[in-house]
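Okay, so here's the structure we're looking at.
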């Protein structure tokens with residue numbers, strides 16, 4: 001894939017996320033594509049990827065993604081994003097808290113034939129659990 005094609009794939013993904021379109025997001029992945037995610041473990045195949053997106057949108061129905069930086073080294077790309085959302089649906093058995101979250105994340109993506117073949121998501125899942133109130137963090141004293 002060319003740099004422009006990869007950048008287009010990334011932009012379409014952000015658009016599909018902001019439209020809360022799990023099917024559209026999973027369609028960007030190869031049929032046997034792999035996603036490694038701190039929240040959802042290892043996902044294989046479009047159905048598992050679509051289900052994970054649907055679960056996230058159910059927990060955070062107002063989720064919005066902002067694209068910060070894209071670094072292309074075709075056929076790979078590093079994508080730096082920020083998600084802002086409200087915990088308004090059940091999340092791993094936790095009733096909605098209506099707490100707002102901010103989740104900076106990086107996606108390390110490999111592509112082939114116009115699709116994502118492998119994606120590794122890097123973000124602070126423990127920090128997310130603190131934001132929704134599952135965990136408490138002790139403040140650091142300087």
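The values are calculated or read from the model by the stated rules, or taken from the named source; none is laboratory data. Remember, predicted model here, so these are calculated numbers, not experimental data. A quick note on method: Cβ atoms are made from the backbone with ideal geometry, for glycine too, and the neighbour counts reach across all protein chains shown.
Name the single residue that is nearest to residue 86 (Cα to Cα) among those in the stretch 25-59 being touching a residue at least 40 places away in the same chain (Cβ under 8 Å) and assigned to a loop (DSSP other than H, G, I, E, B).
39
Could you run through the stretch 125-140 and say how many residues are in a loop (DSSP other than H, G, I, E, B) and touching a residue at least 24 places away in the same chain (Cβ under 8 Å)?
Number satisfying all stated conditions: 2.
Looking at the stretch 6-20, is at least one residue in a loop (DSSP other than H, G, I, E, B), closer than 21 Å to residue 106 by Cβ and touching a strand residue (DSSP E or B) at 6+ places or on another chain (Cβ under 7 Å)?
Step one: list which residues in the stretch 6-20 are in a loop (DSSP other than H, G, I, E, B), which gives 19-20.
Narrowing the set further to residues that are closer than 21 Å to residue 106 by Cβ leaves none.
There is no residue in the stretch 6-20 that is in a loop (DSSP other than H, G, I, E, B), closer than 21 Å to residue 106 by Cβ and touching a strand residue (DSSP E or B) at 6+ places or on another chain (Cβ under 7 Å).
Being closer than 17 Å to residue 82 by Cα, in contact (Cβ under 8 Å) with a residue 12 or more places away in the chain and within 13 Å of the chain's Cα centre (by Cα) is the filter here, so list the residues in the stretch 1-24 that pass it.
Scanning the stretch 1-24 gives 10, 13, 14, 16, 17, 18, 20.
Determine whether the stretch 77-85 contains at least one residue that is without any contact (Cβ under 8 Å) to a residue 60 or more places away in the chain and over 28 Å from residue 3 (Cα atoms).
Scanning the stretch 77-85, I find at least one residue that is without any contact (Cβ under 8 Å) to a residue 60 or more places away in the chain and over 28 Å from residue 3 (Cα atoms), so the answer is yes.
So that you can scan it fast, the table gives a plain yes or no per residue for (1) within 18 Å of residue 16 (Cα to Cα); (2) surrounded by fewer than 16 Cβ atoms within 10 Å (Cβ to Cβ); (3) more than 15 Å from the chain's Cα centre (by Cα):
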site	(1), (2), (3)
36	no, yes, no
55	yes, no, no
81	yes, no, no
94	no, yes, yes
99	no, yes, yes
107	yes, no, no
134	no, yes, yes
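In this structure, does residue 44 turn out to be surrounded by 14 or more Cβ atoms within 10 Å (Cβ to Cβ), within 17 Å of residue 119 (Cβ to Cβ) and more than 11 Å from the chain's Cα centre (by Cα)?
Here the answer is no, as residue 44 does not meet what is asked.
Spot the failing condition for residue 74; the list is (1) touching a helix residue (DSSP H, G or I) at 6+ places or on another chain (Cβ under 7 Å); (2) modelled with pLDDT of 95 or more, and only one is missed.
The single condition residue 74 does not satisfy is (2).
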